[in-house]
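**Q** My questions all concern the structure below.
FYI, it's all coordinate maths here, none of it is from the lab. These numbers come from a predicted model, not from an experiment. Note: ideal-geometry Cβ built from the backbone for every residue, glycine included; neighbour counts use all protein chains shown.
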Amino acid sequence: MATPITIRDIGASSGGQITLDAAAANMEYVNTGNLILIVRNASASPVTVTIQGAPEPLFGRDVDKVAVIAAAATGVFGPMKPAGFNQQSGVNKGKVLVDFSATATITVGVYRIHP
């Protein structure tokens, strides 16, 4: 079972401050289509982030988004379109699944941005 990622709100009045939590190898969040995923790599080595694509039987599409975040760098992903990334069935229905190649010194957060 994947570890849930807390969804937080950020807006113009918050001053852009964000909170990130320790990553686990397999994580998930309920996706509404207006969220961004932030991944900070504080390690001395790159880390691979895989956002699992949702199987789409009509067109046979199941494409993962894979990105490498350099050492001491931050990656921002999304918003993720529900049709392409929300899992379609089972306990993960409506969720985006995120996997990390390493978790030491990796932090992650999901944010809903408000004007």
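**Q** Evaluate the distance, in nm, between pseudo-label points positioned 7 Å from the Cα of ALA102 and of LYS81 along their respective Cα→Cβ axes.
**A** Going from the ALA102 label point to the LYS81 one covers 3.4 nm.
**Q** Same structure again: Once R0 is set to 35 Å, what does the formula 1/(1 + (r/R0)^6) return for the Cβ-Cβ distance between ASP64 and HIS114, expressed as a FRET efficiency to the nearest 0.05?
**A** 0.75
**Q** Could you put VAL49, VAL63 in order, starting from the residue whose Cβ has the fewest other Cβ atoms within 10 Å?
**A** VAL63, VAL49
**Q** Can you bin the chain into rounded, prolate or oblate? Criterion: square roots of the alpha carbon gyration tensor eigenvalues sorted a ≥ b ≥ c, rounded for a/c under 1.5, prolate for a/b above b/c, oblate for the rest.
**A** Cα axes put the chain in the oblate bin.
**Q** When the helices in the chain are scored as -39500 (n - 2.57) per DSSP H run of 4 or longer and the sum is shared across all residues, what 222 nm value do you end up with, to the nearest 500 deg cm²/dmol?
**A** That calculation yields -500 deg cm²/dmol at 222 nm.
**Q** Loop-only check: which chymotrypsin sites (Phe, Trp or Tyr not before Pro) in the stretch 39-115 are DSSP coil with at most 15 other Cβ within 10 angstrom?
**A** Sparse-neighbourhood loop chymotrypsin sites (Phe, Trp or Tyr not before Pro): PHE59.
**Q** Follow-up. Picking from GLN88, GLN17, GLN52, which is most flexible by a Gaussian network model of the chain using Cα springs under 10 Å?
**A** Evaluated over the chain, the most mobile residue of the options is GLN17.
**Q** Oh, and also: Give the aspartates and glutamates whose C-alpha is closer than 17 Å to that of LYS65, dropping any in the same chain fewer than 8 places away, or say none.
**A** Counting by Cα, and skipping residues close in sequence, LYS65 has these aspartates and glutamates nearby: GLU28, GLU56, ASP99.
**Q** Give the relative contact order (percent, whole number) for the chain; include only Cα pairs under 8 Å separated by 6+ residues.
**A** 43 percent
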